[in-house]
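Trainee: Mind having a look at this structure? Questions to follow.
The values are calculated or read from the model by the stated rules, or taken from the named source; none is laboratory data. What you are looking at is a predicted structure, and each value in this text was computed from that prediction instead of being measured. All Cβ positions, glycine included, derive from the backbone under ideal geometry; neighbour counts span all protein chains shown.
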Amino acid sequence: MANIETQAYPSTHCGIVRAAAVLLKLDNHPAADRYDAGTVETMVEEASAPDRMGDRLQGSGLHYYCSVTPEGVARTVRGYEGIFPNSLGDLAPSPLTMMTSEYITAVALERLGNRFAAAKCLARAAHMLADVCCPPHSAGLSYYSRYASNHKRYESDGETYFWTEKFGTTDPVTAAEQWAALCAGQAPYETYDNLLKGASDGDLFRKMSRFPDICREIALSGAGELPSVLSNDAELRRQSIDRRLILSIVHTAALFAAFDRDVRDLSVKVPQEQTPYRLYSYGAGKTLFREPLYVRFEEDGSIELLTQEGAYLAVTRFGSVRLTDQTAGMTTRFRFGFEPMMTLYPNGDIYRLLAVIGKRFCSVRRFLHKRSPHFSTQTGFRLDAAD
Ligand SMILES: [Zn+2]
């Protein structure tokens with residue numbers, strides 16, 4: 001859902017996050033305590049950030065998870081059954097891949113006690129989930145398609161509906177409480193069971209993460225809303241908006257509940273500090289360095305990868321990736337991506353990723369529209385616990 005700051009109301013992303021936190025309380029969910037006022041404010045502030053120009057998750061066409069074309073024709077990505085493309089036709093980045101990365105990073109940060117950064121990553125994951133719930137985003141009605149005006153109309157109607165029409169209040173807290181009351185008892189908490197079991201494996205999508213299943217189901221139901229989205233009947237659109245806002249809130253609450261559980265359940269494996277890892281490349285078909293690498297999380301949630309002796313994994317000026325010697329003073333901060341296998345974004349830039357091509361380990365610019373599984377394999381990594 002777009003947030004154009006000049007619009008009359010706050011982004012609905014902010015309202016959805018606020019309502020989801022209240023819903024946990026109304027449902028007497030044990031996770032509710034985690035979302036105290038300060039945490040919620042942090043999350044509300046971050047919830048619309050991915051739509052802002054220059055944000056690390058921002059990108060034209062990337063916030064779409066297209067189960068169908070605007071004409072209602074089913075979409076797929078060859079080689080990835082049940083996974084849908086973004087509006088450029090690419091496997092990644094998409095709301096699915098970005099939600100997965102942000103959620104995993106959020107769990108890792110929270111376990112390290114970095115609550116502020118964790119809350120922000122979780123809010124970003126929630127943003128992507130809400131985008132999947134928004135029918136223009138799951139049916140490819142992008143701002144660059146001839147359906148742009150339908151998209152804009154649906155979302156601006158949605159904002160008016162969320163913030164004033166439905167409950168007649170513009171106060172964000174009261175609106176969130178009213179929406180949450182409407183959603184009480186409806187959150188699909190069980191759908192998020194075992195959300196990340198097996199996620200330490202590189203090929204997250206084909207193993208046991210539940211994110212692909214969850215996003216698939218939501219995006220497919222979004223396709224069913226297409227007639228309402230395209231309709232000039234305002235009442236039809238309002239009914240659709242009502243259904244989808246409720247869907248967003250109940251799923252976001254379930255995501256927040258899952259987060260609380262996954263932070264505590266140490267059998268859920270996410271990258272952690274003080275654990276030696278070996279970096280396995282699917283492209284090279286082998287472990288890349290003899291020395292184990294350690295993950296170090298920075299305050300902002302980016303990571304450094306370094307050896308016990310203090311050599312860093314770094315991208316050189318010419319794009320090659322290597323372990324520096326200790327004295328070089330050269331480091332690169334990465335962020336996790338899942339495309340569908342794990343990759344690393346140098347400086348958090350989703351348009352750049354690490355790849356092993358031939359014998360070269362390098363940082364490459366993403367080839368948009370290049371969606372062959374072969375390319376994914378070249379960029380896929382796995383962090384294996386070293387023994
Ligand atoms: Zn978005």
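Trainee: Return the pair list, or none, for Cβ contacts closer than 9 Å from residues in the range 1-17 that are part of a helix (DSSP H, G or I) to residues that are within 11 Å of the ligand (Cβ to nearest atom) and at pLDDT below 80, at least 6 apart or on different chains.
Mentor: From the range 1-17, the pairs are 12/1; 12/3; 13/1; 13/3; 14/3; 16/1.
Trainee: Taking the range 98-155, which residues are among the β-branched types (Val, Ile, Thr) and either within 16 Å of the ligand (Cβ to nearest atom) or not assigned by TED's automatic domain parsing to the domain that holds residue 17 (or both)?
Mentor: Scanning the range 98-155 gives 100, 132.
Trainee: I'd like the full set of residues that are under 24 Å from residue 89 (Cβ atoms) and buried (at least 17 other Cβ atoms within 10 Å of the Cβ), limited to the range 40-54.
Mentor: Scanning the range 40-54 gives 50, 51.
Trainee: For the range 222-272, which positions are touching a residue at least 60 places away in the same chain (Cβ under 8 Å), polar (S, T, N, Q) and in a helix (DSSP H, G or I)?
Mentor: 228, 240, 248, 252
Trainee: Further question: Please go through (1) assigned by TED's automatic domain parsing to the domain that holds residue 132; (2) surrounded by fewer than 21 Cβ atoms within 10 Å (Cβ to Cβ); (3) in contact with a Ser or Thr (Cβ under 7 Å, 6 or more places away or on another chain) for residue 254 and return the number of the only condition it doesn't satisfy.
Mentor: Going through (1) assigned by TED's automatic domain parsing to the domain that holds residue 132; (2) surrounded by fewer than 21 Cβ atoms within 10 Å (Cβ to Cβ); (3) in contact with a Ser or Thr (Cβ under 7 Å, 6 or more places away or on another chain) one by one, residue 254 breaks only (2).
Trainee: Is one or more of the residues making up the range 18-39 within 16 Å of the ligand (Cβ to nearest atom) and surrounded by 23 or more Cβ atoms within 10 Å (Cβ to Cβ)?
Mentor: No, the range 18-39 contains no residue that is within 16 Å of the ligand (Cβ to nearest atom) and surrounded by 23 or more Cβ atoms within 10 Å (Cβ to Cβ).
Trainee: Can you tell me which of 333, 360, 322, 317 is among the charged types (D, E, K, R) and under 24 Å from residue 98 (Cβ atoms)?
Mentor: Checking each option against the conditions leaves just 333.
Trainee: Please find, among 148, 119, the residue that is at pLDDT 95 or above and of a type in the set (A, V, I, L, M).
Mentor: Matching residue, one of 148, 119: 119.
Trainee: Any residue at all in the range 55-74 that is within 16 Å of the ligand (Cβ to nearest atom), of a type in the set (S, T, N, Q) and crowded, with 23+ Cβ neighbours inside 10 Å?
Mentor: The answer is no, given that none of the residues of the range 55-74 is within 16 Å of the ligand (Cβ to nearest atom), of a type in the set (S, T, N, Q) and crowded, with 23+ Cβ neighbours inside 10 Å.
Trainee: Take the range 7-16 and flag every residue that is among the hydroxyl-bearing types (Ser, Thr, Tyr) and either at pLDDT below 50 or within 11 Å of the ligand (Cβ to nearest atom) (or both).
Mentor: If the condition is that a residue be among the hydroxyl-bearing types (Ser, Thr, Tyr) and either at pLDDT below 50 or within 11 Å of the ligand (Cβ to nearest atom) (or both), then 11, 12 are the ones that fit.
Trainee: Further question on the same structure: Looking at residue 170 and the list (1) outside any loop (DSSP other than H, G, I, E, B); (2) over 24 Å from the mean Cα position of the chain (by Cα), which single condition is not satisfied?
Mentor: It fails just one condition, (1).
Trainee: Need at least 3 residues that are of a type in the set (A, V, I, L, M) and either more than 25 Å from the chain's Cα centre (by Cα) or buried (at least 17 other Cβ atoms within 10 Å of the Cβ) (or both) per element, so show me which strands (runs of 3 or more DSSP E) inside the range 273-371 make the cut, counting only ones lying wholly within it.
Mentor: 303-306, 313-315, 352-357
Trainee: Another question, if that's okay. What about residue 23, is it in a loop (DSSP other than H, G, I, E, B) and in contact with a helix residue (DSSP H, G or I) (Cβ under 9 Å, 6 or more places away or on another chain)?
Mentor: No: the conditions fail for residue 23.
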